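Heads up, the thing below is written out as structure tokens.
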Amino acid sequence: MRHFFILLKHELRMLFISPPTYIAAVLFLSLMGFLYWAILRGMVNTPSEVLPTVQFFSIFWIPVFFVVPLLTMRSIAGERSIGTLDTLMTTPTSRVAVVLSKFAGAYLFYMLLWVLTIGFPFLTQKLYPHAAESGALLELAPLAGSFLFLATSGLLFISIGIFASSVTRSQLVAGMLTFTTLFVVIIGGQQMGNLADTGGQLSSWVVATVNYLQIFEHLDDFSRGIIDTRPFFYYASTTFLLLGLSTLVIEAKA
């Protein structure tokens, strides 16, 4: 474990001095700030029963598509391309510690970006006190449920990026592979769910399985305060699988 924490400290330091990290952070906060403002403006023009927090986190997939590739594409591919990964493999550090440290560093920064979005409702409350009189901007239950979903699903998203970075030495290829896989998992899963719901001849277990894999379905449950253990198992098991495969790929290419 000592090697893991040393590597994690190094990984976090590299993230904080890496230009792509700040590009991802600026793009993320700018985009999410604009979308939050657009949601509030839309609710003023067209009142809705859906809380602004629920609407805000329902578009989580938009920043995920570019933040996760930017955070993970250099994690292993970048080090392999400049030769530092080979040097690291000659030390007593285990492959598992290397993969876990890179995963943990990217995951912590990913969650930090989402935590910063809590400032949006507080800023709105400060600048426009009348907009926060109903308390809807900081409704605790959907806010806590949504962040629990982000923390849980983020395990899968970051592990996808780490695995994509482990199979190539090109950061560009790793980023494109991460984006494509995320698109298939998030949007493809939603479309499969829509087809399953409209396909009357499909078996009930097929429909149940497809719905179980739907990420948007999980967000809907979490934001309403419905905490089910099945999504936790899905995200955790898939994360362990991808990180295990990443370790095997590094060992095979070492």
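The values are calculated or read from the model by the stated rules, or taken from the named source; none is laboratory data. Just so it is clear, the structure is predicted and the values come from calculations on it, not from any experiment. Cβ atoms come from the backbone with ideal geometry, glycine included; neighbour counts cover every protein chain shown.
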Go through segment 73-96 and give me each residue that's touching a helix residue (DSSP H, G or I) at 6+ places or on another chain (Cβ under 6 Å) and not in a helix (DSSP H, G or I). MET73, ARG74, SER75, ILE76, THR93
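Residues checked against (1) closer than 30 Å to THR93 by Cα; (2) loosely packed, with under 13 Cβ neighbours inside 10 Å; (3) of a type in the set (Ser, Thr, Tyr):
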site	(1), (2), (3)
HIS3	yes, no, no
LEU12	yes, no, no
GLU49	no, yes, no
PRO52	no, no, no
Being of a type in the set (Val, Ile, Thr) and either surrounded by fewer than 15 Cβ atoms within 10 Å (Cβ to Cβ) or in contact with a Ser or Thr (Cβ under 8 Å, 6 or more places away or on another chain) (or both) is the filter here, so list the residues in segment 181-194 that pass it. VAL184, ILE187
ILE59 versus (1) within 18 Å of ALA151 (Cα to Cα); (2) outside any helix (DSSP H, G or I); (3) modelled with pLDDT under 85: which is the lone unmet condition? (3)
All positions within segment 79-120 that are modelled with pLDDT of 80 or more and of a type outside the set (A, V, I, L, M, F, W, C): GLU79, ARG80, SER81, SER94, ARG95, SER101, LYS102, GLY105, TYR107, TYR110, THR117, GLY119
Among (1) part of a loop (DSSP other than H, G, I, E, B); (2) modelled with pLDDT of 80 or more, the one test that MET32 misses: (1)
